[in-house]
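See structure below.
The values are calculated or read from the model by the stated rules, or taken from the named source; none is laboratory data. Values in this document were obtained by computation on a predicted structure and should not be read as measured data. Don't worry about glycine lacking a Cβ; one is built from the backbone with ideal geometry, like all the others, and counts go over all protein chains shown.
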């Protein structure tokens, strides 16, 4: 289980989501059904059976600039250790937009509810969770809008009986092997969630730049991988080196890091920068 509080709380993220009609009336899920399910609604698809292992990824992937762009605004988890929910909601928002962009959904007007995922999934997300639970639940019971169930920094375990839920745009999920090539393959399909070691000085004090390969600690935080670039020039000891670089979206508001994002070197040996490749549950939704 992962869960991590920022060392210092950053200003609260303000959000004013724009409401659009739901994708389809028949995609609504009843509250009783949503509450009755457990995280094992469907279960994962094996990586080799997912179809993603055969993908030849491009040299540059950036879901912030895709058509349509699918990375929503940076959010703020506050004093609840719900990083896992936010990271996996980011991947669900990407899949949702790609599924329903023909109805006018974009990264500017899509804001899915972390609170609904927390309240309708067993356990206390504020003390840590397994992220695949939230993706798994969305397959069978859909997703809700933030405006209908706003985030409260508390996991109430009281699933709403009245909220509408809609087709998440996914049919499954898979665990991605911990290496740069397979994470690239998964990322070329959708935004994905990954665990990181956030108790390092490099992460806690991050302002900008690319975090390198040095790492010691344990996985205790989760963020969303949103972009990749090959042959990024990084100056190390006055010498320019070409690195493979991932960009990730954090949930500590846009005052942290590079407007809420950060970058790590991707072509590090195991366990990877910030230990990312040691995460056994790197999770990517399989879009429908």
Checklist entry - Among the candidates 74, 85, 70, which residue alone is in contact with a strand residue (DSSP E or B) (Cβ under 8 Å, 6 or more places away or on another chain) and part of a loop (DSSP other than H, G, I, E, B)? => result 74
Checklist entry - What is the number of the single condition among (1) surrounded by fewer than 24 Cβ atoms within 10 Å (Cβ to Cβ); (2) modelled with pLDDT under 95; (3) over 16 Å from residue 285 (Cβ atoms); (4) out of contact with any strand residue (DSSP E or B) (no Cβ under 8 Å at 6 or more places or on another chain) that residue 150 does not meet? => result (2)
Next on the checklist: Tell me yes or no: at least one residue of region 75-82 is touching a helix residue (DSSP H, G or I) at 6+ places or on another chain (Cβ under 9 Å), at pLDDT below 95 and surrounded by fewer than 22 Cβ atoms within 10 Å (Cβ to Cβ).
Outcome noted: yes
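In region 233-255, what count of residues is obtained for those that are within 20 Å of residue 191 (Cβ to Cβ) and in contact with a strand residue (DSSP E or B) (Cβ under 8 Å, 6 or more places away or on another chain)?
Step one: filter region 233-255 for residues within 20 Å of residue 191 (Cβ to Cβ), giving 244-254.
From what's left, in contact with a strand residue (DSSP E or B) (Cβ under 8 Å, 6 or more places away or on another chain): 244-253.
Number of matching residues: 10.
Could you check region 38-50 and list, in sequence order, the residues that are under 27 Å from residue 151 (Cβ atoms) and either touching a strand residue (DSSP E or B) at 6+ places or on another chain (Cβ under 9 Å) or buried (at least 17 other Cβ atoms within 10 Å of the Cβ) (or both)? Show your work before the answer.
The first filter runs over region 38-50 and keeps only residues under 27 Å from residue 151 (Cβ atoms), leaving 38-42, 44.
Within region 38-50, 39, 42, 44 qualify.
Can you give me the ranges of the strands (runs of 3 or more DSSP E) entirely in region 236-288 with at least 3 residues that are without any contact (Cβ under 8 Å) to a residue 60 or more places away in the chain? Steps first, please.
Details: elements: 239-249, 261-265, 283-287.
So the answer is 239-249, 261-265.
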Checklist entry - Quick one: is residue 53 surrounded by 13 or more Cβ atoms within 10 Å (Cβ to Cβ), over 23 Å from residue 101 (Cα atoms), in contact with a helix residue (DSSP H, G or I) (Cβ under 7 Å, 6 or more places away or on another chain) and at pLDDT 95 or above? => result yes
Checklist entry - For region 120-132, which residues satisfy the criterion of being under 18 Å from the mean Cα position of the chain (by Cα) and surrounded by fewer than 24 Cβ atoms within 10 Å (Cβ to Cβ)? => result 126, 127, 128, 130, 132
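Mind listing whichever residues of region 157-177 are over 16 Å from the mean Cα position of the chain (by Cα), more than 15 Å from residue 89 (Cα to Cα) and either surrounded by 18 or more Cβ atoms within 10 Å (Cβ to Cβ) or touching a residue at least 40 places away in the same chain (Cβ under 8 Å) (or both)?
Our first condition is that a residue be over 16 Å from the mean Cα position of the chain (by Cα); within region 157-177, this holds for 157-167, 171, 177.
Next cut, more than 15 Å from residue 89 (Cα to Cα) only: 157-164, 171, 177.
Result: 159, 160, 161, 162, 163, 164, 171, 177.
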Checklist entry - What number of residues in region 208-221 are in contact (Cβ under 8 Å) with a residue 40 or more places away in the chain, surrounded by fewer than 16 Cβ atoms within 10 Å (Cβ to Cβ) and within 22 Å of residue 128 (Cβ to Cβ)? => result 2
Next on the checklist: Of all residues being crowded, with 18+ Cβ neighbours inside 10 Å and not in a loop (DSSP other than H, G, I, E, B) in region 195-207, which is farthest from the chain's Cα centre (by Cα)? Just the residue, please.
Outcome noted: 203
